[in-house]
1. Would you kindly state how much longer the chain becomes between B:ALA477 and B:ASP386 on full extension, computed as 0.36 nm times their sequence separation minus their alpha carbon distance, in nm to one decimal?
2. Taking the Cα atoms of the stretch B:444-540, what is the range of coordinates along each of the three principal axes, in descending order and whole Å?
3. Obtain the nm distance between the two label points defined at A:LEU73 and B:PHE279 by a simple spin-label model: each point lies 7 Å from its Cα along the Cα-to-C-beta direction.
4. What's the average, rounded to a whole number, of partner chain beta-carbon atoms within 10 Å of each residue's beta-carbon in C:110-122?
5. Normalised radius of gyration for the stretch B:55-172, please: alpha carbon Rg relative to 2.2 N^0.38 Å, two decimal places.
6. Based solely on C-alpha atoms, express the radius of gyration and the Dmax of the stretch C:130-190 in angstrom.
7. Could you name the lysines in cross-link range of B:LYS487, using Cα to Cα under 29 Å and dropping any fewer than eight places away on the same chain?
8. Tabulate in residue order the Karplus-calculated ³J(HN,Hα) for the stretch A:152-157, using 6.51 cos²θ - 1.76 cosθ + 1.60 with θ = phi - 60°, rounded to whole Hz; enter x for Gly and Pro.
Amino acid sequence: MPEPPMLELRGIRAGYGRLPVLFDVDLTVGAGEWLTVVGANGAGRSTLLKTILGVTNVSAGEVVFGGQRITHLATYDRIARGIAMVPEGRRIFPNLSVKENLRTGANTIAKREVAGQLERVHEVFPILGSRSGQRAGSLSGGEQQMLAVGRALMSRPQLLLVDELSLGLAPLVVATLTAALQTLCAEGLAVIVVDEVHVHSTTASASRRLVLEKGRFVSNPAAEAQRLTAVL
Amino acid sequence: MTAATMKRPAVIGAVLAAVTAVWLFTAPQYWLFTATTGLTLGISTLGLLVLVGWAREVSLAQAGLTATAIYLCGFAMRSGAGWHWPYLASAAFGVGVVVALSLLVSLSTAKLSGIYIIILTLALQITIEKTFFSDITLVQTDPDHTIHRPALFGVHLTSDRAYFLFALAVLVLGMVFLARLRASRFGRGLILAGTDRQAAAAVGVSPWRAKISAFALAGVFAGLAGVVTAPLYPTPPSYISYLSINSLVYLAIPVLAGFRSLVAVAVVAMVFSVAPQAFEHLHISPLLLGAIGLLSGTLTGPTGVSGLVLAWLHSRRARRPADEDRDAAAVDLRDPSGGDDASRRERHARALAVLEAYLPERSDAREVLVASDVSIAFGGLQALADVSLTVPTRKLVGLIGPNGAGKSTLFDILNGLRQPDSGSVLLFGQDVSQAPPWNRAALGLSRTFQSSRVNLDLTVGENLMAGAYLMIPGSVAEAVAGLPRAKAGERRAGEAARAVAELLDVAGDWDEFVRNLDFGAQRRVEIGRSLLSGPRLLLLDEPAAGLDAAEAAALFALVRRLEQDLGLTVLLVEHYVKAVLENCDLIYVLARGRIIAAGSAAEIAADPEVRAVYLGEDYQPRTEERVDA
Amino acid sequence: MLALQFHTQLVGPALVLGVAAAGLYGLLAVSLVLTYRVSRTIGFVHGGIAIFAAHFYWWLTYDSGVRGRWNPSAGQGRVGQWPGLLVVVAAGAVIGLLYGLTVTGKRMGNWPRLNLTVYSLAWLLGMVAVTQTVIEPQSTRIPSIFGKRVYRIFGGVITIHQVATLLILLGVIAVLAFVLLRTQTGVNIRAVADDVEASRFVGVPLTRVGAGVYAFSAGLSAFAGALVTATVGMLVPELLTVFLRALTVCVLGGLASFSLALLGCVLLGVGEACLTAGVFGPMSIGRQEVVLMTALFGLVLLINRLRPIKVLEVETL
């Protein structure tokens, strides 16, 4: 058996307040793998990512990353260990410049490494380099998404969580983003993208696809591919 | 208010009355004064309860306003430098000025963010300190011109006991008034506006009017407290208990007591007055009590200490095992044919009949809603560009498209929550492009939201009844006095609410707090609330979000039935494409701010651009007969 | 009664006085805008810290320990003036740090803004309550830490206290500008001001940033509270008036803009000076207050009329 999976979720039950959103969720992701999780609005997609990142509390189950239990570890520490997130709706900081936005993602790495990471992000998304001093709020939707991804990459993650990669973006821009992510995957980055059901461009690049329905993974993902568009 | 919730305060009230009567005839004089002060504090903070507890606005001027009424009323009553008016006229003057000041503050900042109003009330308090409190003629008097206790309706209030009873009577009357208000559509509307302005606007309540009314009410009660205090002492009291820091103590009382209970406010006010005196050796400053009150209030939430007590009592009542019944209810919802439960179908049929009688007849225009060339841009993004949409009467229209396409923004514009940069909206043939949401609701438009906007601290029944604001006739006076027109309206609305609860399968949870229900039930409560506003057109924003495929199908079946049996027109946003394609008569597809396709289900499913952008190239619609209820 | 006169010869001195007086308001304004930007709630706690600082400073540097008597000359209290000031600012910063830690913790981070505002008011009330229970307020002013020199400029008389306060304010602004624009901490602070939730998602150390901002702002407020004892004194109603004025001018920029708040401070200082100096004719204190408040709020409402609300907002405070 090859090396243990990078991320493991075991029997996760999580949610807000008294009622859970995720029930008994098991998941494994290995290095270099691209996993797409699709589901309807309200099925628990964002909650799944937030649980991995530590923003949402877990009431039962375990989150294991790199062989270590991180179930109750704070978000900041999880980012320091190599998990990063691109939030839903991009959520870049509109009043900061592009470069400053990138720097907000670099809080968990050493100061002397920041310049090097900036270089690397500029290699992946050259447009960010050319617009380095520009106010982020004035970027186009696609550029903002690239900035959001670049910001997440600044912390040198091993696992990247992406919430709705293609929200409101033109197909061409989505293609650029997925190409960039695929290159990174080939270099060892694990990627989990969650998206709504009908967006096929991102799921096409996935090595694996899961369906989330009302807080649970549907048991037979292969057969789901057929049932999916029919049911929904 | 149900019988159960009305009984409790009545019992407490009776007990308190008995204790008070005994104490009244045995207590020394300074205790009578302290207790009377406690009563006036209670009157003033009842007004603050309406503002802070119901309308969720903060005022830092209540102490100053109370003092204003004390000094002005006292001045008007006095001979010498004063005007020597009779008590009632002086009282009216005092209350009038205080209400005018409250209105001045609220009218100027009603539409602005809350930070302005809170700072303006602090400014009002400090201005009062620098004007009224610095005026010698108001705050002092010479021994020849003291204030005499008045005689009201033939009763002389010269004795301290009699005055105590007078103050108590005013407090009790105030509580009764507020209890009646709370049980009427005005109280419910105020509370809804405090919880969620957008939901209130969608149901027909103007949040600005609600805010201004709340401030006016707070002013009335501050004025009443002041004019009851004025004749208590022969000379005006020192202003040292009415400074800005004391306004914070006033604020602590309803915050600590919680918004659900009027009695709790009176009790806490009495405690705040009596404790520093009773425990004099401990040097308990009222400021310290206030700080503890504010702190506890933030920790317990809006329901306050009384909420904790009520919740504890509520949990001790015998309850049916929750999960079993919920599963049973879910099964019912998914199986509209009723199975062996013929009585259930009969109940549903009756509920539909009640609801149909409740909903008003509106103009039968051929096109209920027409949006023309609506465009809006914000944050540097063109959110909608030249969107045109027509909703024909008595049809189920679907709006689909990827996330971020602008569907909720479009709903905001149709509903009136947002103004477009260009374009127009016609509702039942009338141009409503400039009309606020509550006026559109009055014309027959009702809307639900993507995230459930129900009040978690209220029961299902209370949430549903809040939707009936537009459908119950009668002014405030009629509602509070319980006159026939208002009473009949409330009864009708109550029956309709129960009918709606039956149809949406939440009837069993009528007295349950909404925060204890599962997500799907909460959404159904919100749909129910919007039905009670008497709509002819329903805008539903992702009603099936969070439900699984089977539940979503059941919900669609229900919506279809409402549309057919009640003659409603429905425009809904959904991601369950199969359900939309099966049930909707007309479908619009919105992507990146533009309508890219419009037509029947077959046309949409075959449209190449829709397939490219949303459905996917390999989409195969399954041919199934329509699921009709 | 409503007629306003205008004495031009008094304008010059009033202007000078006004700019000089703006220093104190500026310190409070900076502190309020900073915490508002990070938390989107009004920092009423700073009022409490300023009041506490005023009392504590008096108690440290002037209270001779004998009830009812205080010694007017410097250095007769428990500690000297400068060490006293340092202790007071440090104490204020510690209180701010505690407040910041509670408010930016995960549990309270999700509270609705009304709750947070009431929480802030609770601290204001609590601090006044505790302070007044332990330290008895005095109705006199304390000589300035900077001495008694006065300067005459354009016919206006300003004290070294005012000049020093103004210079300190300018220094604080310079330091703040540097930190905000050129350091990682500043980037983090501005990110939190833009979007708190996203900041958490990307790894900004929220608790550190929040607590740090509150500690710094509280230190500033404490500093202002100690300095105000020389001009206004220690009495709570007067101190709250000063706090309210600072709050009002911050609102000119919606509490989110430093430059508009500072502009407001200057306008406030000048307005106040004009009124007290009699530029508009002799006026009772009450009338001055009404005129000042009306003018300030009129300006606030005017500025906001120019920014029409296009959408019915969901959250209020």
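1. 28.1 nm
2. If we take the Cα atoms of the stretch B:444-540, the spans are 38, 28, 21 Å.
3. The two pseudo-label positions are separated by 4.7 nm.
4. Neighbouring Cβ atoms belonging to other protein chains average 6 per residue here.
5. Rg over 2.2 N^0.38 Å, computed on Cα atoms: 1.23.
6. Reported Rg and Dmax, both Å: 18.3, 46.
7. Cross-link targets: B:LYS7, B:LYS211.
8. Each residue's phi maps through the Karplus curve to give 5, 6, 4, 8, 6, x Hz.
The numbers here are math on the coordinates, done by the rules we state, and not lab data. Here the structure is a predicted model, which is why all the values come from computation and not from measurement. No Cβ is skipped: glycine too gets one built from the backbone with ideal geometry, and neighbour counts run over all protein chains shown.
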